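One structure is given below, encoded as structure tokens.
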Amino acid sequence: MRCRKCPHKAVLEIPRHHTAFCKRCLTEFVCGQVERAVKHDKMFTKADRVLVAVSGGKDSLTLLDVLHTLGYHVAALYVDLGIGDYSKRSKAKVEAFTSARGLVLHVHELKEDEGAGINDLANLISRPACSACGTIKRHHFNRVAVEYGYSVLATGHNLDDEASRLLGNVLRWQTEYLDKQGPVLPASVDGFAKKVKPLYRLAEREIAAYAVVNKLDYIVEECPNAVGAKMLLYKDVLNRLEAESPGTKQAFYWGFLAKQEAEGGRTMAESDQAMLRPCVACGQPTTAETCNYCKMMARAIATKAP
Ligand code: Q46
Ligand code: ZN
């Protein structure tokens, strides 16, 4: 199979675009899709300082690599969840990656600052690890971005992540979450960083191929807590649909975004926005008196107390 743009051998076929690319053209394609998302969705400019949340996996390290290559002003944030060897290995990948590129790396250690790793914390408050993890990561992503003066926080969510999350929300008619499913969540109030997902135009396999051909040293294994997650089932279902009918994933998620834009680009229910106020404990914006993170930590401390 030949590359559709040059005479070289193709390394990846992309049926949804009726094309195939060699190593160099694949890299150009991935960088082009990221640049297009950043510009079309007005995510940020070269004047912004962008904080990229990294896990050590292929998506977040690809995002950091591409934005750095394109000349954006990026730094990284790693939240160490304290999951045994997995966290040690992923942190080492992130440290090596950022130091090889001379990038600033912020690290938040759960064991040091929250007093326990994610699994112990989740047990203490009887919540599934991933739900506690989501609350903790959202809190620290926003906190570090605001504290260190980054105008934007970027995450490595790709087309597969967003389409499977949309499928999950639609299957349960959780319409209250749809407002937050766009690739840009503006900084609606003070103390709230703008959040963006510049990889939303790229499928997971395209990002994996970029990471391999560009020899990015990422952690291949998934977080052990991801095993059995519903999102993996939704991803699998969408992949089967995609294999039968290329373009389904893109049509599903991009179609949703187009409809949302046609309705005036809703990003957060106005009623929610009007109710945001600083949390009495940590000062981060919340719709209640105390934010979910502080409620969770208070419960963990109360449970641990003799
Ligand atoms: S990191 Fe956290 Fe994921 Fe691990 S504990 Fe669950 S939510 S699976 S993105
Ligand atoms: Zn709080």
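Some values worked out for this structure:
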| quantity | calculated |
| --- | --- |
| Residues that are more than 10 Å from ligand 1 (Cβ to nearest atom) and either of a type in the set (S, T, N, Q) or under 13 Å from G82 (Cβ atoms) (or both), drawn from the stretch 125-134 | S126 |
| One residue from K88, K9 being over 22 Å from the mean Cα position of the chain (by Cα) and surrounded by fewer than 21 Cβ atoms within 10 Å (Cβ to Cβ) | K9 |
| Only one of L77, L103, L67 that is in a loop (DSSP other than H, G, I, E, B), modelled with pLDDT of 95 or more and either among the aliphatic types (A, V, I, L, M) or in contact with a His (Cβ under 8 Å, 6 or more places away or on another chain) (or both) | L103 |
| Any hit, the stretch 181-203, residues being surrounded by 13 or more Cβ atoms within 10 Å (Cβ to Cβ) and part of a helix (DSSP H, G or I) | no |
| Looking only at the stretch 107-118, and only at residues there that are out of contact with any Lys or Arg (no Cβ under 6 Å at 6 or more places or on another chain) and surrounded by 18 or more Cβ atoms within 10 Å (Cβ to Cβ), the one that is modelled with the lowest pLDDT | E114 |
| Residue ID - surrounded by the most Cβ atoms within 10 Å (Cβ to Cβ), chosen from residues in the stretch 281-296 that are within 9 Å of ligand 2 (Cβ to nearest atom) and of a type in the set (G, A, S) | A281 |
| Which numbered condition L171 fails, given (1) under 16 Å from the mean Cα position of the chain (by Cα); (2) at pLDDT 95 or above | (1) |
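The values are calculated or read from the model by the stated rules, or taken from the named source; none is laboratory data. Everything numeric here is computed off the predicted structure, so don't read it as measured data. We place every Cβ from the backbone using ideal geometry, glycine too, and count neighbours over all the protein chains shown.
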